Amino acid sequence: MIGAGIAGLVTALELIELGRDVVLLDRCHPHELGGLAREAFGGTFMVDTPEQRRSRVKDSFELAWQDWQTLAGFEADDVWPRRWAEQYVARARDDVGGWLKRHGVWFFPVVNWAERGVYGDGNSVPRFHLCWGCGQGMVDAVWGAIEKHPRRSHLDLRFRTRVTRLEPQRVHAVNEGSGHEREIEAACVVIAAGGIGGNLDIVRRHWPKTMGAPPAKLLMGSHYYADGAMHEEVERIGGNVTHLDRMWNYADAVRHPKPRRKDHGVKLIPPRSGLLLDPDGKRYGPVPVMPTFDAYYALERMCEDERKYSWLVCNWKIARRELDVSGSEHNPLIREKRLGRFVASVVVGKSNLVRYFVDHCPDFVTAGSLPELARNMNELTGTNDVDAALMESEIRRYDANLARGRSLWNDDQIRRIAQLRNWRGDRLRTAKFVQITDPKAGPLIAVKLQPMARKSLGGIQTDLESRVLDKAGEPIAGLYAVGEAAGFGGGGMHGKRSLEGTFLGGCVFSARLAAKSIASR
Ligand SMILES: Cc1cc2nc3c(=O)[nH]c(=O)nc-3n(C[C@H](O)[C@H](O)[C@H](O)COP(=O)(O)OP(=O)(O)OC[C@H]3O[C@@H](n4cnc5c(N)ncnc54)[C@H](O)[C@@H]3O)c2cc1C
């Protein structure tokens, strides 16, 4: 097995459970075990779950499958992606969630509502089940099950071992410390080496045509181990790698306050009560761009302008209630499972998080007035892009609309805020119709948002047993691919867009199918 991310760990656990012997190679250090899942938020897309039912959310395979296909925009030849997606939607609750729960994973009782779509063309109902402990909790549960497994000794895990060459039943690996090289033979080889999001050259080369030219400045939201080398190896030996131009990148990223990698970005969940403005300070319209409704649309709008960045303008009161960050790193209360303090933070807001980003993130600026804010924004970019008068008139127009009172509100963003506040999972996390220039809500905050590469939707094409297919559609004997490397199944089960939370789930699902197939050989 190549890769000890969540997909690799799940495959390994299932294989030792099913009586097989596994050699698991990863180029990472021991503390990085679990790959990107260790950093992930832990949201998992599932359908018709006990958590949904307890919240009186009626969901069904038919509804979710319709939502999925709407976003996926599958093309006629997307045969395997479509099959994978259909299976995932039908089986995620039991084969992903149920399986994880059996290994001690617990999901929040209130399900989050991600990607509801600009025009309702996303998740019809909340389906983002947040894992208690974040993605790290998921990794710990799977690794814990491996550690205490009676057949633990049948797993040989070798860190700092990078696979450089691939054959269906043999790999060539090099030890990153000693430089020692060796060949390892196996009845089957499983590629669980992640996507291409860590290789910005490949990301730029395959940048989606609908988004114009690739951004000159692109943040990195994956890890550099996801370098696409195994995709190239699969192509070299005749495997079919598909849809690398389909990717799940974000428009709401900032530079990491304490970067650990070159171009390290962090994905915010920016306040929905803030206003999103283009580089000139003009509000996007006529349909407002609002974070969390449609990530793809937000990136498309950002990329229409060749400067490829946006501003989110809000104030302290809004940010304290609504600012969030995707991932385990900036959610210590969830990651460390501190329920009491987590509930308190939802009720009183997250002043510490806002303070931290204001103080440490170079893409945050604050001010006491709109003209001062515009000056600080221009100072940050080193341009005169923001037209202070234009920005002020846009913000005042929005605030005036709010000031007219509920019965006269007439702004699409205000309507959407009302819709957010109707869902119990969002009510406490959404400020109560706060004006941007409310003098009691300051200081003003502006955040420069940039594009960031994150997930690969395409990848190594596989059948429903996770067997790698060649260009003629035939399985290559002994070769498997799982997780992000396989486009989460079939070389791209998402099609063009995701309903969110589908990545971790896709890793677990494709890994389990691979293990079952290998064990049945
Ligand atoms: C901050 C953040 C938040 C996220 N939040 C969510 C979320 O809430 N919900 C969701 O569904 N998804 C989320 N994701 C995405 C999700 O975490 C990833 O898609 C998923 O973890 C990928 O797992 P993987 O095992 O396929 O690959 P990876 O985690 O990339 O693991 C691949 C492993 O292979 C190793 N490797 C690579 N090449 C080689 C080689 N040549 N030789 C040896 N080893 C190699 C790497 O070192 C790595 O350990 C998030 C991602 C991030 C970064």
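In 5 Å bins starting at 0, how do the alpha-carbon pair distances of region 189-287 split up by percent?
Calculated over all Cα pairs of region 189-287, the distribution is 2, 10, 17, 20, 18, 14, 9, 5, 3, 2, 0 percent.
May I have the extent of the alpha carbons of the chain along their three principal axes, as whole Å values ordered from largest to smallest?
Projected onto its principal axes, the Cα set of the chain covers 70, 48, 44 Å.
Any chance you could get the radius of gyration and Dmax over the Cα atoms of region 250-451, in Å?
Every Cα atom of region 250-451 included, Rg and Dmax give 16.2, 50 Å.
At 1.002 mPa s and 20 °C, plugging the Kirkwood radius over alpha-carbon pairs of region 363-521 into Stokes-Einstein gives what diffusion coefficient in µm²/s?
Numbers: Rh = 20.2 Å.
The estimated diffusion coefficient comes to 106 µm²/s.
Mind grabbing the base-10 log of I(q)/I(0) for region 71-123 at q = 0.14, 0.19, 0.20 Å⁻¹? Debye formula, identical points on the C-alpha positions, no solvent, two decimal places.
Debye output, listed in q order: -0.57, -0.90, -0.94.
What does region 324-367 give for Rg and for Dmax, in Å, if only its C-alpha atoms count?
So, for region 324-367, Rg and Dmax equal 11.6, 35 Å respectively.
Can you give the calculated 222 nm mean residue ellipticity of the chain, where each DSSP H run of n ≥ 4 adds -39,500 (n - 2.57) and the sum is split over every residue, rounded to the nearest 500 deg cm²/dmol? Kindly include the intermediate steps, with their values, before the conclusion.
On the way: 18 runs with 176 residues, N = 521.
For the chain, the value works out to -10000 deg cm²/dmol.
In a shell of Cβ-Cβ distance under 13 Å around Arg307, excluding Arg307 itself, what net charge do Lys and Arg (+1) and Asp and Glu (-1) give?
On the way: positive: Lys217, Lys282, Arg301, Lys308, Lys448; negative: Asp278, Asp280, Glu304, Asp305, Glu306, Asp385.
Neighbour charge sum, excluding Arg307 itself: -1.
Among Leu312, Leu277, Ser351, which residue has its Cα furthest toward the positive end of the charge dipole of region 250-451, with +1 on Lys/Arg Cβ and -1 on Asp/Glu Cβ?
Ranked along the dipole, the leading option is Ser351.
Counting C-alpha atoms alone, how compact is region 93-227: give Rg to one decimal and Dmax as a whole number, in angstrom.
20.0, 56
Can you tell me what the convex hull of the Cα atoms of region 170-220 projects to on average, as an area in nm²? Kindly include the intermediate steps, with their values, before the conclusion.
Numbers: hull surface 23.3 nm².
Hull-based average projected area comes out at 5.8 nm².
Compute the Cα gyration tensor for region 223-370, then decide on rounded, prolate or oblate, letting a ≥ b ≥ c be the square roots of its eigenvalues: rounded whenever a/c is under 1.5, prolate when a/b is larger than b/c in the other cases, and oblate in all that remain. Kindly include the intermediate steps, with their values, before the conclusion.
Numbers: a/c = 2.17, a/b = 1.37, b/c = 1.58.
In terms of gyration-tensor shape, oblate.
Every number in this text was worked out from the coordinates using simple rules, so none of it is lab data. Source: prediction; values computed, not measured. Note that we place each Cβ from the backbone using ideal geometry, even for glycine, and neighbour counts take in every protein chain shown.
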